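Every read-out reported here was derived from the displayed coordinates using simple, explicitly stated rules and does not represent laboratory data. Given the structure is predicted, the values throughout are model-derived calculations rather than measurements. Note that each Cβ is placed from the backbone with ideal geometry, even for glycine, and that neighbours are counted across all protein chains shown.
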Amino acid sequence: MTRWIIGWMLALSVTPAIAEPVRVAVASNFLAPLEQIADAYAAQGGPTLKISVGATGQHYAQIINGAPYDVFLAADQARPERLVAEGYARPESRFSYALGRLVLWAGARASLPDNGLADLAGHPLRRLAIANPELAPYGRAARQTLEATGQWSALAEDIIQAQNVGQAFQYLATGNVSHALVAASYTGLGDAPEGDWITVDARLHDPIRQDAVILEQAPNPEGAERFMEFLKGPVAGEILKGFGYQAAVPRP
């Protein structure tokens with residue numbers, strides 16, 4: 001009996017531990033690429049990513065109120081920078097993991113203006129979806145684009161503001177709006193809705209630099225560090241390119 005107990009204890013001691021998941025708060029525009037990155041990471045032996053998706057501003061509020069995330073993948077630079085300044089995130093961990101682009105997308109029963117986005121106000125449309133400019137960087141870029149082309153006021157009554165860019169995209173996909181200004185990453189979805197889209201001239205809005213950061217109170221800091229290294233690597237970079245991002249943008 002004693003030998004059996006000793007053998008059983010030894011067996012337990014060599015049983016591999018189940019890797020603790022890495023908890024990632026991610027901006028809604030980056031959910032689909034992150035899901036592919038998570039699969040690639042797991043295929044190379046990385047732990048599971050426990051993903052929470054939402055608007056960057058909402059995640060910021062959750063983090064300062066104690067949400068137990070390990071990594072924050074924002075859709076801007078401002079919120080990670082504020083988290084660092086306020087002591088909620090590790091300064092050395094912050095880097096720009098992607099540079100996003102904006103597209104104007106016309107739904108299945110709609111069309112794009114013949115002369116591009118600048119003629120949108122004079123084009124037949126049934127509501128235009130954008131993300132909330134106060135919460136979401138892609139919403140801010142959408143407003144800047146419409147202001148730069150002199151169409152913000154003219155289109156004000158037709159604009160529906162979603163909580164985040166993912167919701168704006170859903171409004172388009174479900175036919176609740178005829179047009180949307182959304183992240184170019186959605187054009188890489190395998191089940192993207194029907195309709196035509198054009199890429200918005202990046203000169204019409206501020207660069208959409210998306211920063212990643214490890215949180216000071218991360219439950220799994222070692223796992224967070226390993227995942228961030230993978231995010232900087234070539235496998236993740238190729239996935240980003242497939243979704244219309246420029247990968248691993250250096251921090252200015």
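What order, most packed first, do the peptides 55-66, 165-176, 107-118 have when packing is the mean number of other Cβ atoms within 10 Å of each residue? The partial results should precede the final answer.
Working: 55-66: 19.2, 165-176: 21.4, 107-118: 15.3.
Highest mean packing first, the order is 165-176, 55-66, 107-118.
Simple spin-label model, 7 Å along Cα-to-Cβ: Asp196 to Asp39 in nm?
Result: 3.1 nm between the two label points.
Within region 47-99, which GluC sites (Glu not before Pro) sit in a loop by DSSP and count at most 12 neighbouring Cβ atoms inside 10 Å? Working shown, then result.
Values: sites: Glu81, Glu86, Glu92; in loops: Glu86.
Listed in order of number, the matching sites are Glu86.
Label Asn115 and Lys232 with points 7 Å out from Cα along Cα→Cβ: what is the distance between them in nm?
In this crude spin-label approximation the distance works out to 4.8 nm.
Roughly what % antiparallel, to the nearest 5, for the DSSP beta bridges in the chain? Walk me through the numbers before you get to the answer.
Working: 19 of 34 bridges.
Rounded to the nearest five, the antiparallel share is 55 percent.
Once you keep just the Cα pairs under 8 angstrom separated by 6 or more residues, what percentage relative contact order results for region 102-199? It would help to have the intermediate numbers written out before the result.
Details: 179 pairs, mean separation 45.2, N = 98.
For region 102-199, the relative contact order is 46 percent.
When Val71, Val22, Val53 are ordered from fewest to most other Cβ atoms inside 10 Å of their Cβ, what list results?
Numbers: Val71 25, Val22 28, Val53 19.
Fewest to most other Cβ atoms nearby, the residues stand as Val53, Val71, Val22.
When 1/r is averaged over all different Cα pairs and the result inverted, which Kirkwood radius in Å belongs to region 19-77? Don't jump to the answer; show the numbers that get you there.
Working: mean 1/r = 0.0850 Å⁻¹.
Answer for region 19-77: a Kirkwood hydrodynamic radius of 11.8 Å.
Between Asp206 and Leu189, what length comes free when the chain is fully extended (0.36 nm per residue of separation minus the Cα-Cα distance, one decimal in nm)? Please report the intermediate quantities before stating the final value.
Working: separation 17, 0.36 × 17 = 6.12 nm, distance 2.48 nm.
Contour length minus Cα-Cα distance gives 3.6 nm.
Tell me the GluC sites (Glu not before Pro) within region 190-249 that lie in a loop according to DSSP and have at most 14 other beta-carbon atoms within 10 Å. The partial results should precede the final answer.
Working: sites: Glu194, Glu216, Glu222, Glu225, Glu229, Glu238; in loops: Glu194, Glu216.
Sparse-neighbourhood loop GluC sites (Glu not before Pro): Glu194.
Report, for region 102-199, the % of DSSP beta bridges that are antiparallel, rounded to 5. Spell out each step's value before the answer.
Working: 8 of 14 bridges.
Once the DSSP bridges in region 102-199 are tallied, antiparallel ones form about 55 percent.
When the helices in the chain are scored as -39500 (n - 2.57) per DSSP H run of 4 or longer and the sum is shared across all residues, what 222 nm value do you end up with, to the nearest 500 deg cm²/dmol? Don't skip to the end; give the middle numbers.
Numbers: 8 runs with 84 residues, N = 252.
That comes out to -10000 deg cm²/dmol.
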